[in-house]
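First comes the structure, then the notes that go with it.
The values are calculated or read from the model by the stated rules, or taken from the named source; none is laboratory data. No experiment lies behind these values; they were computed from the predicted model shown. Cβ placement follows ideal geometry from the backbone for every residue including glycine, while neighbour counts extend to all protein chains displayed.
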Amino acid sequence: MNCDKTFSDQLTSQSILSYYDTMTELLGQVREAIESSGQSLYAISKATGIGQSQLGKVRAGTAGLSFEAAERLLSHLGYEVQLKKKRKGK
């Protein structure tokens with residue numbers, strides 16, 4: 001599934017808000033996963049191909065990641081990202 005196409009095809013002010021709420025939540029979980037992993041940023045960087053500097057900024061909450069990079073990072077840390085259709089009215 002091409003997530004970018006799906007999001008851009010459905011852009012309304014509500015879906016943009018939902019997308020950013022979701023990414024904010026995802027990045028919060030990414031920060032927690034980095035912290036609780038016990039791995040150095042260097043080790044995570046080497047394993048995922050995401051720059052150590054970028055990982056430091058994500059951990060500090062001053063930068064984000066693309067969905068693809070977040071998924072790669074979380075997979076390395078033992079998590080998976082699942083997309084789930086919202087129930088009507090939410």
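If a residue has to be surrounded by fewer than 18 Cβ atoms within 10 Å (Cβ to Cβ) and either assigned to a helix (DSSP H, G or I) or touching a helix residue (DSSP H, G or I) at 6+ places or on another chain (Cβ under 6 Å) (or both) to count, how many in segment 52-75 make the cut? Walk me through how you get there before you give the answer.
Just the residues of segment 52-75 that are surrounded by fewer than 18 Cβ atoms within 10 Å (Cβ to Cβ), to begin with: 52-54, 56-57, 59-64, 66-68, 71-72, 75.
If we keep only those that are either assigned to a helix (DSSP H, G or I) or touching a helix residue (DSSP H, G or I) at 6+ places or on another chain (Cβ under 6 Å) (or both) as well, we get 52-54, 56-57, 59-60, 63-64, 67-68, 71-72, 75.
Residues in segment 52-75 being surrounded by fewer than 18 Cβ atoms within 10 Å (Cβ to Cβ) and either assigned to a helix (DSSP H, G or I) or touching a helix residue (DSSP H, G or I) at 6+ places or on another chain (Cβ under 6 Å) (or both): 14 in total.
Can you work out which of the residues in segment 1-50 that are surrounded by fewer than 13 Cβ atoms within 10 Å (Cβ to Cβ) and not in a helix (DSSP H, G or I) is modelled with the lowest pLDDT?
Checked segment 1-50; the qualifying residue modelled with the lowest pLDDT is Met1.
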